[in-house]
Each structure stands twice: as structure tokens, then as C-alpha cells.
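Remarks on the structure that follows.
The values are calculated or read from the model by the stated rules, or taken from the named source; none is laboratory data. A quick note: this is a predicted structure, and the numbers were derived from the prediction, not measured. Neighbour counts run over all protein chains shown; Cβ positions are idealised from the backbone, glycine included.
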Amino acid sequence: MSAEADRTYRGKCVDCGSPLELYEVDFEKGRRIMQCTRCGLYHFYKKNFFGKWKLLRAGRVSDLWRKPK
Ligand SMILES: [Zn+2]
């Protein structure tokens, strides 16, 4: 059920307010990327302790996500 809810999750772009669509998801690490359907801005989410998705940051490049610390 939770996985299904994740898939249908809707968010709004922090920049232009347009709907987001799922770009990439990693259930193992509890994170995902949503992309704005209008301006293409990426939104990086992480699942918190309570199982809710929390927006960490937004950026233009999806590769930001994979950069090692
Ligand atoms: Zn946007």
C-alpha cells in the first residue's frame, strides 16, 4: 500500500508551482527524484523516520543526487 502511495504521490514545483512527475526512485535507500512537468526542475526527496517524503532540495541537475559526500 505504501509503495502504491509513493507512486501516486503528487508534489508541486518550488519554482513555478507546476505538478511534479516521478523521475527516479530508490526504495532501498528511501529516496527519489521528482521532476517538474513544466520547467524540468528536479526535486530530491528522502523518506524520514515516519515514512513520509521530505523535500531535501531542488536543482537543475539530477546527477547532484549521486555525488558522494
Ligand atoms: Zn517548475
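If the condition is being in contact (Cβ under 8 Å) with a residue 40 or more places away in the chain and loosely packed, with under 15 Cβ neighbours inside 10 Å, then the range 25-59 contributes GLY51, LEU55.
In the range 59-67, the count of residues that are of a type in the set (A, V, I, L, M, F, W, C), in a helix (DSSP H, G or I) and modelled with pLDDT under 90 is one or more. If you go through the range 13-24 and keep only what is part of a strand (DSSP E or B) and either away from the ligand (no atom under 16 Å from the Cβ) or surrounded by 14 or more Cβ atoms within 10 Å (Cβ to Cβ) (or both), you end up with LEU20, LEU22, TYR23, GLU24.
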